[in-house]
Amino acid sequence: MTSKRWTKESIAEEIRQLAEQGVDLSYSSVVIHHLPLMRAAMRYYGSWREAVRAAGIDYDQVRKYRSWNRQRIIERIRELYERGEDLSWRNVSTHLDPQLAAAATKPKHFGSWRKAIEAAGIDYEEIRRYHYWDEETIIQRVRELYEQGVPLNAKHVEEIDIPLITAARRRFESWDKALQAAGIDHKKVVGRRSSRRQTDELDRQEAGDNHSDNNN
């Protein structure tokens, strides 16, 4: 079975069809029941909110966070994190989502913003260090990963740092353009990946040869 080829238009049309069917379009529900659509929306629009808006639907009507509990707070934090948003306390409480900030810090929920962030499985120190994804921060992070020898193909970066690649696509239109802005040739990224595979294969062969020698 071949995977569906998404475009901005097909994503918006899919969202409209789901809305007409009365499907729950909240972030948490779509992640569970329509994950390919969510991934495509994040890739092409940068956030679920923007994809829903592009479909001509009022995002506030589909949000399910008016009645807060610990799970919904965590889901909302994860949503914002995966969009590459600035999750610093000041930004969330004054600009991004004041209702989320107020709910998270209530004693019956988490009592502090830091505890809420950590409950969502996010390193609070990372939030402090990369709290705002502007172009300069993205470029710095890309160069750090490159210097560390981390494979920078899009699939791998999506697995290890989705906020980075989401923000990069939003700021630079594509991951390849973000690499170019960081002074990294996309071909070198692919070449490094191939070289690493070859090295791993040589290591496996050498290990196999050594094992054979020991048995003789």
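Being of a type in the set (Ser, Thr, Tyr) and in contact with an Asp or Glu (Cβ under 8 Å, 6 or more places away or on another chain) is the filter here, so list the residues in region 142-166 that pass it.
The first filter runs over region 142-166 and keeps only residues of a type in the set (Ser, Thr, Tyr), leaving 146, 166.
Thr166, the sole residue that qualifies.
Here is a list: Arg78, Arg90. Which entry is surrounded by fewer than 21 Cβ atoms within 10 Å (Cβ to Cβ), under 18 Å from Tyr27 (Cα atoms) and either of a type in the set (Lys, Arg) or in contact with a Ser or Thr (Cβ under 9 Å, 6 or more places away or on another chain) (or both)? Steps first, please.
Working: Arg90 fails: under 18 Å from Tyr27 (Cα atoms).
On inspection, the qualifying residue turns out to be Arg78.
Looking only at residues that are assigned to a loop (DSSP other than H, G, I, E, B) and aliphatic (A, V, I, L, M) in region 146-170, which one is surrounded by the fewest Cβ atoms within 10 Å (Cβ to Cβ)? Quick ask: steps written out before the conclusion?
So the first thing to find is which residues in region 146-170 are assigned to a loop (DSSP other than H, G, I, E, B), and the list is 148-153, 161.
After this cut, where a residue has to be aliphatic (A, V, I, L, M) as well, the list is 150, 152.
Numbers: Val150: 14, Leu152: 22.
Per the criteria, the residue is Val150.
Looking at this structure, is Ala119 assigned by TED's automatic domain parsing to the domain that holds Arg16, under 21 Å from Val31 (Cβ atoms) and either in contact with a helix residue (DSSP H, G or I) (Cβ under 6 Å, 6 or more places away or on another chain) or among the small types (Gly, Ala, Ser) (or both)?
On the way: assigned by TED's automatic domain parsing to the domain that holds Arg16: no; under 21 Å from Val31 (Cβ atoms): yes; either in contact with a helix residue (DSSP H, G or I) (Cβ under 6 Å, 6 or more places away or on another chain) or among the small types (Gly, Ala, Ser) (or both): yes.
Judged against the criteria, Ala119 is not a match.
For region 43-61, indicate whether the set of residues that are hydroxyl-bearing (Ser, Thr, Tyr), part of a loop (DSSP other than H, G, I, E, B) and closer than 28 Å to Arg5 by Cα is non-empty. Working first, answer last.
Filtering region 43-61 for residues hydroxyl-bearing (Ser, Thr, Tyr) gives 44-45, 47, 59.
Next cut, part of a loop (DSSP other than H, G, I, E, B) only: 47.
Retained after the next criterion (residues that are closer than 28 Å to Arg5 by Cα): 47.
Yes - at least one qualifying residue is present in region 43-61.
Tell me, please, whether a residue that is touching a residue at least 60 places away in the same chain (Cβ under 8 Å), assigned to a helix (DSSP H, G or I) and not assigned by TED's automatic domain parsing to the domain that holds Met42 can be found in region 77-90.
Yes.
Among the residues that make up region 171-179, is at least one of them among the aromatic types (Phe, Trp, Tyr), surrounded by 13 or more Cβ atoms within 10 Å (Cβ to Cβ), outside the structural domain of Val92 (by TED's automatic domain parsing) and under 28 Å from Glu75 (Cα atoms)?
Keep residues of region 171-179 that are among the aromatic types (Phe, Trp, Tyr), which gives 172, 175.
Those left that are additionally surrounded by 13 or more Cβ atoms within 10 Å (Cβ to Cβ): 172, 175.
Pick out the ones that are also outside the structural domain of Val92 (by TED's automatic domain parsing) and you get 172, 175.
If we keep only those that are under 28 Å from Glu75 (Cα atoms) too, we end up with 172, 175.
Yes, region 171-179 has at least one match.
Can you name the residue in region 1-46 that is within 16 Å of Ile57 (Cβ to Cβ) and among the charged types (D, E, K, R) and, of all such residues, is farthest from the chain's Cα centre (by Cα)?
Looking at residues that are within 16 Å of Ile57 (Cβ to Cβ) and among the charged types (D, E, K, R), I get Glu20.
The values are calculated or read from the model by the stated rules, or taken from the named source; none is laboratory data. Bear in mind the structure is a predicted one, so any value in this text is a computation, not a measurement. Heads up, the Cβs are rebuilt from the backbone with ideal geometry, glycines too, and the neighbour counts pull from every protein chain shown.
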